[in-house]
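Since the structure comes first, as structure tokens, the remarks are kept for the end.
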Amino acid sequence: MPETMLQQEKIAQALRILNELQLDCWLIFVRETDEQPDPAYKLVVNHDVTWPAAFLLTRGGRRIAVVARYDDDLVRQSGLYEVVSYTDDVAPALKEVLRGLDPTSIALNYAVGDVAADGLTHGMYLQLVKALEHTPYPQRFISSGPLVSRLRSRKTPSELERMRRAIQETEEIYALINTYLRTGVSERELSALVHREMATRHLGAAWSYAGCPGVKFGPHTLIGHGEPSEIVLEPGFTASFDLGVRYQDYCSDLQRLWYVRRQDELEPPEAVRKGFEAARGAIAAAKAALRPGVQGWQVDEASRNFLVAAGYPEYKHAVGHSVGRHAHDGGPLLGPRWARYGETPYHIIEEGVVFTLELGVMTEHGYIGLEDEIIVTANGNEWFSQPQEKVYLV
């Protein structure tokens, strides 16, 4: 049976958040979770189910699972929930449980602006409404968005331990990349090297495998979430990497930068040095603004204003996102007040959240991208990974 410590920590956390938000009940309604996973499900359940199942957490501390026969043994073995088993139809058993609890508010996993809190499919929602017809409970449904945002953001000791290990693995792979970088090697060859190393270490990719790592050589490379190409590394080029790995379900997300010196060059040219210092300065401005109680857009604005004042165009993304079970882990965003980001830039930053701070500038020598992870503390923040302080040289 998989370990349950992480789920125990997250369940305890969820119960506290229910009380903070004065929500009576959180109801996770799922089926075939291997095929259609709910992003919040594995935070509080440590196995898959096949048939329709309802997992309920209440403000009073109850933890109840309404599950089909043959799924019920898994739940009992986990020890995380009281088990109510059914054979034919989930509806009668779920109605009976809800009548006993009689919650005045029932949080469901739907949310307009946060994908991590939007795991309830439309079909499952319709099935749930039908199961509870002729009861008052569908009128008590509300979004679990505020609950799930806090639950995903506030990292527990077990989560932080796994994330630190993911960072360590990533930094060790970067050390390997450093030994292989040379003129004539292609973006695709370096990507294949990283993939082999990830397989040796039994690590997953933190995002789409084909584009992880992101490898950018020189000024004509693809910028964004593309796949590495046949562009080869030449003197006078920057080499930018964006790499994240998945270790025991938790991710890292770090960027590193090299410059390939031309003949007789001892240091990077001015354009590279200036771009690197501008990117570092903009990240430092974001770090200075990041603390509990501010909104995410305020952190992004501090960084964006610094970069523009340094003579560079605005970056076309957020300066930071939370990291956890996914590289983009939902919850608050350190981003601009753009429609594509919904309400996430307005979320209040809390202690215990791990964010990336990332941005880049384009130069005649190629892309200069920096990204490290930072954790919000009671009075501000501290680096969660070790930031790059100078351009690495080839």
inquiry  = Can you give me the angle between helix 122-131 and the longest principal axis of the chain, using Cα atoms only, in degrees from 0 to 90, rounded to the nearest 10?
reply    = 10
request  = Report the Stokes-Einstein translational diffusion coefficient (µm² s⁻¹, integer) for the stretch 126-211, Rh taken as the Kirkwood radius over Cα pairs, at 4 °C with viscosity 1.567 mPa s.
outcome  = 75
ask   = Taking only Cα atoms, what is the 0 to 90° angle, nearest 10, from helix 296-309's long axis to the longest principal axis of the chain?
value = 10
note = Here the Kirkwood hydrodynamic radius of the chain, Cα-based and in Å, equals 22.6
task = Give, in nm to one decimal, the length gained when the segment between Ala210 and Glu382 is fully stretched (0.36 nm per residue of separation minus the Cα-Cα distance).
result = 58.7 nm
remark   = In the chain, taking the dipole from +1 charges on Lys and Arg beta carbons and -1 charges on Asp and Glu beta carbons about the Cα centre, the listed residue (Thr238, Ala271, Val66) farthest towards the positive end is Val66
query = What accessible area per residue comes out for the chain, rounded to a whole number of Å², with a 1.4 Å probe?
reply = 44
³J(HN,Hα), Karplus 6.51/-1.76/1.60, whole Hz, each residue of the stretch 84-92, x for Gly, Pro = 10, 9, 9, 10, 8, 8, 5, 4, x
query = Using Cα atoms only, what is the angle between the long axis of helix 5-21 and the major principal axis of the chain, expressed in degrees (0 to 90) to the nearest 10?
reply = 70
query = How long are the semi-axes of the ellipsoid equivalent to the stretch 164-210, from square roots of 5 times the Cα gyration tensor eigenvalues, in whole Å, largest first?
reply = 19, 13, 8
request  = Could you check the simple spin-label distance between Leu126 and Ala309, using points 7 Å along Cα→Cβ, in nm with one decimal?
outcome  = 5.4
task = Report the charge-dipole magnitude of the stretch 266-372 in Debye, nearest 20, computed about the Cα centre from +1 at each Lys and Arg Cβ and -1 at each Asp and Glu Cβ.
result = 160
remark   = The ratio Rg/Rh over the Cα atoms of the stretch 254-312, Rh being the Kirkwood inverse mean 1/r radius, stands at 1.13
query = Using a 1.4 Å probe on the protein chains only, how many percent of the accessible area of the stretch 1-108 belongs to carbon and sulfur?
reply = 44
query = Once both labels are modelled 7 Å past Cα along the beta-carbon direction, what's the Ala12-Ala284 spacing in nm?
reply = 4.0
note = Computed for the chain: size of charge dipole around the Cα centre, +1 on C-beta of each Lys and Arg, -1 on C-beta of each Asp and Glu, debye to nearest 20, value 580
ask   = What's the extension gain from Asp73 to Val185 if we count 0.36 nm per residue and subtract their Cα-Cα distance?
value = 35.0 nm
key: Virtual spin-label span in nm between Leu160 and Glu197, 7 Å along Cα→Cβ   = 2.7
D (Stokes-Einstein, µm²/s), Kirkwood Cα radius, the stretch 8-108, 1.567 mPa s at 4 °C = 95
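The values are calculated or read from the model by the stated rules, or taken from the named source; none is laboratory data. None of these values were measured; they are calculated from a predicted model. Reconstructed Cβ throughout: ideal geometry from the backbone, glycine too, with neighbour counts over all protein chains shown. The accessibility values were calculated without ligands, DNA or RNA, using every heavy atom of the protein model including side chains. Shrake-Rupley method; radii C 1.70, N 1.55, O 1.52, S 1.80 Å.
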